[in-house]
Amino acid sequence: MKNSLFAVLFGLVLTACGQSETVAPEPEAPPQSLFDQVRAMSPEQQPVFAWQQLTAWQAANPEAQPPCASIRRVDAVGVIPEDVDPESFYAAYQGDLVFTVQCGAQLTTVRDDPREHWLVAFSPGATEAAVANCADERGLSQCPRIVPRAQAAE
C-alpha cells in the first residue's frame, strides 16, 4: 500500500513539474495622451476629470482670474467637429474633446458670471489640457453649450 501511495504521489509530482507555468496577461498600457485617457473614462467621470484639470491649471497659473472657488456645472461639449463655425471661439479647438466649467455660487438667485466660465480642451496626443476663459472683452461668454456650425454653401 505504501508503495502504491508513493507511486501515485511521485506521478503527481512529475506531472506538476512537467506543466508549464501560466503567465499572467500583461496589463493594458494606460493611454498616452489625456485625450485618450478621458475617452477611456466613463461618461460620468469625464466632467469630474475636466474640473480637476482646471483646478490643477489654476493652481499652476495663479495669475488667471477669477479662480474657480466653487463649481456650478460642467458641460460636456464633445469633440469639436470639422464643420465648426470658423468665427466661433471653438474653432481653435477643432478635433479636441471639450468641456466647459461654470464656476460660482450654487444659488438659483445668482446668475452665471461669464468671467467664471472656463473651457478645458483635450487635444489628441497632448499630455496637458488646454484651458481658456470663455469671457470676451465685453464680459460675455463665448462658450455656448452647443457648438456653432458653419453655414452650408447654397
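Every read-out reported here was derived from the displayed coordinates using simple, explicitly stated rules and does not represent laboratory data. All values reported here derive from a predicted model rather than from experimental measurement. Methodologically, a virtual Cβ is constructed for each residue, glycine included, from the backbone with ideal geometry; neighbour enumeration extends over all protein chains shown.
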Residue count, the stretch 133-142, condition surrounded by fewer than 18 Cβ atoms within 10 Å (Cβ to Cβ) and not in a loop (DSSP other than H, G, I, E, B), comes to 1
For the structure I just gave you, tell me whether ALA92 is on the phi < 0 side of the Ramachandran plot and either assigned to a helix (DSSP H, G or I) or without any contact (Cβ under 8 Å) to a residue 12 or more places away in the chain (or both).
yes
Residue, nearest to HIS117 (Cα to Cα), within the stretch 39-78, restricted to residues that are hydroxyl-bearing (Ser, Thr, Tyr) and part of a loop (DSSP other than H, G, I, E, B):
SER70
Among the polar types (S, T, N, Q), within 16 Å of GLN53 (Cβ to Cβ) and in contact with a helix residue (DSSP H, G or I) (Cβ under 7 Å, 6 or more places away or on another chain): is that true of SER123 in this structure?
yes
